[in-house]
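One structure is given here, and the rest of the page talks about it.
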Amino acid sequence: MNFNKILIVLFFPVWVFFQSGESSYSSEFKKIEHEITVAHPGNEDNGLEQSTLVEVRNKKGMAVEFYMNVESVICVKSVCKVVPVRIFWNNLGEYQKYELDKGVTLEKYEADLFEKQDYVKLHSILSNLDSPFKNVRIDEILTVADETHNDVDAVSGATALELDEEDTVPGAALTCFTLWHWAHGDIETIIRNFTGKSLKKQVFKNYLTSIKENEQLFAIEQLLETKNYKKNLVDAVINETSKNDNLLRSTFKYINNASDKKYFQAIEKLFLKGNEKQKIIALNSLLNSKRSVSSKYLDGLSKEVLSLKTYQEISIFLRLMKAKNSNSQEVIKHTIPLLDKDLLIARSVYWFLKDKNLSDKQQKKLAVFYSKNKNQL
């Protein structure tokens, strides 16, 4: 099918129409068709349907763009005009633009045609990740308002749905709803997974060290999806995460699915290199993990206890040691100096050490602390 491309220039309200189609890509690009199953909330019971997603790869074999032809509306009662729309995404599954077939126009309520500004506005709506259409049900759009009581919503047409004018094309709420969910539904994950399969090791590294957080998150997500735990890539994930707390959630999903060896190595590196929040999360992960952790490993972590600066860090450290390494002489040796910290921290250390098998020197230090602070314990 030949499509007429609508170029949207947000700074200049001008629409440029030009012929698109098979010649849009040079011979350097390869197109691959994927038959996919995708859900749309406008279909009955969020039903699944088969669609053809086209992947465009560059000469290096890397996915650079995707597009798919969809219907402009989910027309439940077959009383509306349905026209094909081609939606484009980048290789991270992020909506980019849409195109219409040559000579095709979109319609509003009561057969009004879209005007130029409506096409621009539709692109803006589809670009909005937080559009109210994200949380709207199709039955809310298809519910007809009570016109006899002047209850028709002028913004969304003859529906009972109330939307701000900037959030929809007046009279075309169903089209906006339908296309928004095509642009931002299951297809995002599907595209990201196809892209991940096309990436080579060095490209993953480039994504991980990117200045764009969305590319870093994508790389970590796809390393998990493809079960890629090569040492240099795991090291890169930890290194970048130690600089950016926003990567923590994805990173822990990734390392929690690694082998024991890779998991413990990653936790140790994050504990050593990370900030307060990262150290706490690393220690919590060890505390709640069902993996068998050796005393030798925990003894090694205890060497860093004096570098912990806050009560929260030391509290979770002591909980971990009590639960999984409670009788270690190494831990006792490294925690005894914490009795000289501020009282809140030192008090926790005192109760941790109180029932331990201490040397005479250590027992004396504990007794001195008790004598000095017994009224505050």
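The values are calculated or read from the model by the stated rules, or taken from the named source; none is laboratory data. Keep in mind the model is a prediction, meaning the values are calculated, not measured. Here the Cβ positions follow ideal geometry from the backbone for every residue, glycine too, while neighbour counts run over all protein chains shown. Note: areas computed on protein heavy atoms with side chains; ligands, DNA, RNA excluded. Shrake-Rupley method; radii C 1.70, N 1.55, O 1.52, S 1.80 Å.
Observations
- Search result, residues across the range 118-137 that are open to solvent by less than 90 Å² (accessible area, probe 1.4 Å) and among the acidic types (Asp, Glu): ASP118
- When residues of the range 241-270 are limited to those that are of a type in the set (A, V, I, L, M) and surrounded by fewer than 19 Cβ atoms within 10 Å (Cβ to Cβ), the one nearest to the chain's Cα centre (by Cα): LEU248
- Leading residue by the ranking (nearest to ALA63 (Cα to Cα)) among those in the range 84-120 that are of a type in the set (Lys, Arg) and at pLDDT below 95: LYS102
- When LEU179, LEU223, LEU217 are checked against the criterion of being buried (at least 24 other Cβ atoms within 10 Å of the Cβ) and within 18 Å of the chain's Cα centre (by Cα), a single residue qualifies: LEU223.
- Boolean, LYS273 is within 31 Å of the chain's Cα centre (by Cα), open to solvent by less than 30 Å² (accessible area, probe 1.4 Å) and of a type in the set (Lys, Arg): no
- Test result for TYR350, open to solvent by 70 Å² or more (accessible area, probe 1.4 Å) and among the hydroxyl-bearing types (Ser, Thr, Tyr): no
- Every condition in (1) among the charged types (D, E, K, R); (2) open to solvent by 70 Å² or more (accessible area, probe 1.4 Å); (3) assigned to a helix (DSSP H, G or I) holds for GLU313 except the one numbered (2).
- Screening GLY196 against (1) on the phi > 0 side of the Ramachandran plot; (2) part of a helix (DSSP H, G or I) leaves a single unmet condition, (1).
- Taken over the range 277-312, the criterion of being among the basic types (Lys, Arg) and within 27 Å of the chain's Cα centre (by Cα) is satisfied by LYS277, LYS279, LYS290, ARG291.
- Selection of the range 93-117 for residues being open to solvent by 10 Å² or more (accessible area, probe 1.4 Å), closer than 30 Å to GLY196 by Cβ and not acidic (Asp, Glu) yields TYR95, GLN96, LYS97.
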